[in-house]
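K.L.:
Structure below; questions to follow.
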Amino acid sequence: MSVPTDDSRKIASPRAITRTRRRASRRLFLTSFRSSRSGMFGLTLLAIFALVAILAPLIFPRSALDVTQATAAPFLPPSFEFPLGTDDSGRSVLALVVWGARISLVVGLAATVLSMFIGTAVGITSGHFRGWLGAGLDRLTDWFLVIPYLPLAIVLATVLGRSLLNIIIVIGVTSWPSTARIIRAQTLSVEGRPYLERAKALGGSNFHQMTKHVLPNVMPLVLANTTLAVSISILSETTLSFLGLGSPDDVSWGSILEEGFAAGAISQGAWWYLAAPGICVVLVVLAFNLIGRAIENILDPRLELS
Amino acid sequence: MSVVPDVAATASPVRQQQHWSPSPTSRYVARRVLAAISTFIFVIFFNFFLFRIMPGDPIALYTRGRNVDPIQIHELRARLNAPIMEQFGQYLRNPFTGNGPSVKYSAPVWEVIGPHVWPTILLVGSATIIATIVGVWLGIRSGWNRGGKFDQVSTNTTLVLYSMPEFWFGMIMLIVFAVGVGPIPGLFPTGGISTPGVDTSSVKGVLDVAWHLFLPVTTLAVIYLAEYSLIMRASIIDETSQDYLKTARAKGLMDKMVRRKHAVPNALLPTMTLVFLNLGFVVGGAITIEFVFSINGLGSLTVDALSGPDVPLLQALFLLFSGAVIFANLVADLLYGYFDPRVRT
């Protein structure tokens, strides 16, 4: 009589309910994302670059990057054989750009993961603990927020030395404060909600409260921030490599620009040497920006159309 | 036990009589100034210890990639082997020069830095003024008619510009307008800030400097106006939904007047704060632009100090850049507090 006839409702465990709810919200999110034209454009653009980066060894052998194996004349303008011309030692610029996609994307993503990790950890911790720990971390965030980004990155990169891992560390360690600021604000608003009071009353540890209750609530914000942060990381990698602070053994879009500038591509009028890697940076950064804006619009409908 | 209410009872009338408690405004100013000072103190500590807690032989870091006289190395080692607190005391007496003279120029860092300040201020100053004016104008126009043709074109363009490494844009400008591509002849100089031998205080000299700075200033301005116009657009859109605009329209004001007299003054505030906040970052952004356009400013000096690296010079430059940003931040905070009393609580 009063027993629900729908079987699935009766046996739903809390876990299953959570799962269904998550799946539904994910579906809603995907539908809204698909309706964003610029977001889908960004995603397509990104997919193409990711594919090129993954398939780089199939498109050009690694030996195409070897200066000693280059046979063509230096500074050849684009032709059928070399669609993007050649560099100062006769290597195909297209091969350099294709291989450069790997390092630029990997550094951009890895640095962002590091920066998000630090930013989220500091943000949640400083929002959760009200005492000296929270205040201290908040102060630290303030300090790092004010220190100019590029000079700090330059100083760190100089002290650490040049390597692939170090450039990831430098970018990750210098770009976390803005994330921490946003996450802290969100944590403070989550902390006031009744379910956290309940968790506290039931004796949940601080770690439990932070990871099981606060983290899932700040996660969407973290993700929206991540896509925007990747674009900043890629721009930073390009800038640092251009200043000669990148990994000396790897080709990235920034290091191609550095070599081209140092080899006098400008006075040679070799626009193809410099144009291609720069356009790649712009396209990838734009792709991440468009995706990030689309996600932000979905999470915060007030921003719609802005 | 009864002490507490007693104090409260006697203290409050006293305070009322003598106006003893500081006003919210002065408390706001004091708090901001203290925050700026604490940040600068942090930077001073950070700048010293960062270079000393890193693993490895510091001599290797100081002299990497150069042949250094053994006597010089001996002096350097003696200086670095002094007790850390003694070194720190030395450094605190003058944080700019306390790390010793510039390794590369063998001169006090202050003397090395001095002549490089003006080119940077000239470059960054003119680029910021142009970027602010054009960015604000673009933001107002596209925000006021959101979704229109102008808005679409302007927002898409600014998004692309916002995704651009400024030094790359500079190099493309150089190739196209200074070296010349195809039918376009080279119109502008490829670098420097003036033609050697021209007196920069004469009319001809000023024009010469303007001609030299045209490309780098345009590059920086174009990159930075992208951000300003996006922010200005967002804050104009924020204002369009406010009630006071409805009131202004209801009393029959023309659209142009509503925009100029009501929406823009309110929307300008966040953008202006951003301009000041960015001032420090613009100084950093000028590093690559100066390098590309061979402008002998602080940015080129930084790049120069990197190849070496010239650690004492680098430390002094880092301190200078950070100090500039902290100061710009303080000015932005105080201006915001002055124009928007709500934040002064």
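The values are calculated or read from the model by the stated rules, or taken from the named source; none is laboratory data. Since the structure is predicted, the reported quantities are computational estimates derived from the model, not experimental observations. All Cβ positions, glycine included, derive from the backbone under ideal geometry; neighbour counts span all protein chains shown. Just so you know, the surface numbers come from the protein's heavy atoms only, side chains and all, with ligands and any DNA or RNA stripped out. Shrake-Rupley method; radii C 1.70, N 1.55, O 1.52, S 1.80 Å.
K.L.:
If each of A:Phe41 and B:Ile129 carries a label point 7 Å out from its Cα toward its Cβ, how far apart are those two points in nm?
P.N.:
Taking the two extended label points, one gets 3.6 nm.
K.L.:
What does the accessible area per residue of chain A come to in Å², with a 1.4 Å probe and no ligands, DNA or RNA counted?
P.N.:
It amounts to 49 Å² per residue over chain A.
K.L.:
Projected onto the charge dipole of region B:190-345 (+1 at Lys/Arg Cβ, -1 at Asp/Glu Cβ, origin at the Cα centre), which of B:Leu277, B:Ser241, B:Ile223 gives the Cα projection farthest towards the positive end?
P.N.:
Sorting the options by dipole projection puts first B:Ser241.
K.L.:
Now, a different point. Please find the FRET efficiency linking B:Lys204 to B:Thr25, where r is the Cβ-Cβ separation and R0 is fixed at 41 Å, and quote it to the nearest 0.05. Please report the intermediate quantities before stating the final value.
P.N.:
Numbers: r = 50 Å, r/R0 = 1.21.
Computed FRET efficiency for B:Lys204 and B:Thr25 comes out at 0.25.
K.L.:
Right, another one. If you count, for every residue in A:155-166, the Cβ atoms of partner chains within 10 Å of its Cβ, what is the mean?
P.N.:
That average works out to 4.
K.L.:
If you take every residue apart from A:Ser175 with its C-beta less than 14 Å away from the C-beta of A:Ser175, what net charge results, scoring Lys and Arg +1 and Asp and Glu -1?
P.N.:
0
K.L.:
How do B:257-270, A:248-261, B:236-249, A:153-166 rank on mean C-beta neighbours within 10 Å, highest first?
P.N.:
A:248-261, A:153-166, B:257-270, B:236-249
K.L.:
Around B:Val136, with a cut-off of 14 angstrom between Cβ atoms, what is the net charge of the other residues, counting Lys and Arg +1 and Asp and Glu -1?
P.N.:
+2
K.L.:
What are the extents of the Cα atoms of the protein assembly as shown along their three principal axes, in Å, largest first?
P.N.:
86, 70, 62
K.L.:
Over region B:113-307, give the accessible area per residue in Å² for a 1.4 Å probe, as an integer. Intermediate values should be presented prior to the final figure.
P.N.:
Working: 8640 Å² over 195 residues.
Each residue of region B:113-307 exposes 44 Å² on average to a 1.4 Å probe.
K.L.:
Still on this structure, I have one more. Which of the residues in region B:296-324 lose at least 40 Å² of accessible area when you go from the chain alone to all protein chains together (probe 1.4 Å)?
P.N.:
Correct list: B:Leu306, B:Phe318.
K.L.:
Also, quick follow-up: Give me the Debye-computed log₁₀ of I(q)/I(0) at q = 0.08, 0.12, 0.18, 0.19 Å⁻¹ for region B:113-307, equal point scatterers on Cα only, no solvent, two decimals.
P.N.:
Treating every Cα as an identical point scatterer, log10 I(q)/I(0) equals -0.34, -0.68, -1.15, -1.22.
K.L.:
Enter the buried accessible area of the A/B pair, total of both sides, probe 1.4 Å, in Å² rounded to the nearest 100. List each step's numbers first, then the result.
P.N.:
Working: alone 17090 and 19720 Å², together 32760 Å².
In total, chains A and B hide about 4000 Å² from solvent.
K.L.:
With label points built 7 Å along Cα→Cβ from the Cα atoms of B:Leu92 and A:Ser267, find their separation and express it in nm.
P.N.:
For the pair B:Leu92/A:Ser267, the computed spacing is 5.0 nm.
K.L.:
Per residue of A:136-149, how many C-beta atoms from partner chains lie within 10 Å of its own C-beta, taken as a mean?
P.N.:
Taking the mean over all residues of the peptide, I get 5.
K.L.:
Take A:His208 and A:Phe80, extend 7 Å from each Cα along the Cα→Cβ direction, and tell me the distance between the two endpoints in nm.
P.N.:
7.3 nm
K.L.:
Follow-up question, since we're still on this one. Want the number for A:Leu133 to A:Ala16: 0.36 nm per residue separation, take away the alpha-carbon distance, what's left?
P.N.:
38.4 nm
K.L.:
Averaged over its residues, how many other protein chain Cβ atoms are within 10 Å of peptide B:156-169's Cβ atoms?
P.N.:
6
K.L.:
Let me ask something else about it. For region A:31-135, report the convex hull volume of the alpha-carbon atoms normalised per residue, in Å³, without decimals.
P.N.:
Hull volume normalised by residue count: 185 Å³.
K.L.:
Just to confirm a number: summing +1 for Lys and Arg and -1 for Asp and Glu over residues other than A:Ile147 whose beta-carbon lies under 15 angstrom from that of A:Ile147, what do you get?
P.N.:
Around A:Ile147, the surrounding residues sum to +1.
K.L.:
Here's a follow-up. Would you mind checking region B:159-181 for residues with the amide N under 20 Å from a putative spin-label position 7 Å along Cα→C-beta of B:Trp211?
P.N.:
B:173-181
K.L.:
Counting C-alpha atoms alone, how compact is chain A: give Rg to one decimal and Dmax as a whole number, in angstrom.
P.N.:
23.9, 88
K.L.:
Round to a whole number: what % of the accessible area of the protein assembly as shown belongs to carbon and sulfur, probe 1.4 Å?
P.N.:
66 percent
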